[in-house]
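Notes to accompany the following structure.
A short reminder: the numbers here are calculations on the coordinates, not readings from a lab. Everything numeric in this text was worked out from a predicted model, so none of it was measured. Here Cβ is always computed from backbone atoms with ideal geometry, including for glycine, and neighbour counts include all displayed protein chains.
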Amino acid sequence: MTVSGLGEFELAVLVSTARLGERAYGASIRDEVSSRVGRACSVGAVYTTLQRLENKRLLRSWFSEPEPVRGGRAKRCFALTPAGRSALAFARESNARLWDETAVWSEA
């Protein structure tokens, strides 16, 4: 658990969703998370986390218009809510304070 109360993977999903902006949907989020954490992530893990973050009201989702390239299927898109943006800001500030004394660690 991070100092913000979010799990590490939850935080990675939130950051990735924020970075992707209008391009944030399941597959793109999974690719972004995998790139950021340096290992492959399962689709199930990403969707379970997206649902958990939506239940916490940190994300919202909606379906795009159907796309011909996807056989007429819509994408489920995601975006941060104001609470999600606040959670990210809090996590960033908390981690910065935690690592503020990095000189102590670099001398060890």
Measure of compaction for the range 8-100 (Cα Rg per 2.2 N^0.38 Å):
1.13
Measure nothing but the geometry: give the 0 to 90° angle between the long axis through the Cα atoms of 26-37 and the longest principal axis through the Cα atoms of the chain, rounded to 10°.
20 degrees
Treating only Lys and Arg (+1) and Asp and Glu (-1) as charged, each at its beta carbon, one finds that the range 8-100 has a dipole about its Cα centre, in Debye to the nearest 20, of 140 debye
In whole Å, what are the extents of the range 28-76 along the principal axes defined by its C-alpha atoms, from largest to smallest?
32, 25, 15
Which far-off residues, 5 or more places away or on another chain, put their amide H under 5 Å from the one on Leu59, with H placed in the peptide plane?
Glu54, Thr81
Selection from Ser35, Phe9, Phe63 lying farthest towards where the dipole of the chain points positive, charges on Cβ
Phe63
Could you tell me which trypsin sites (Lys or Arg not before Pro) in the range 1-68 are loop residues by DSSP with no more than 13 other beta carbons within 10 angstrom of their beta carbon?
Arg39, Arg57
Sites removed, the longest contiguous part of the chain containing no DSSP-loop GluC sites (Glu not before Pro) with at most 16 other Cβ within 10 Å is 1-100
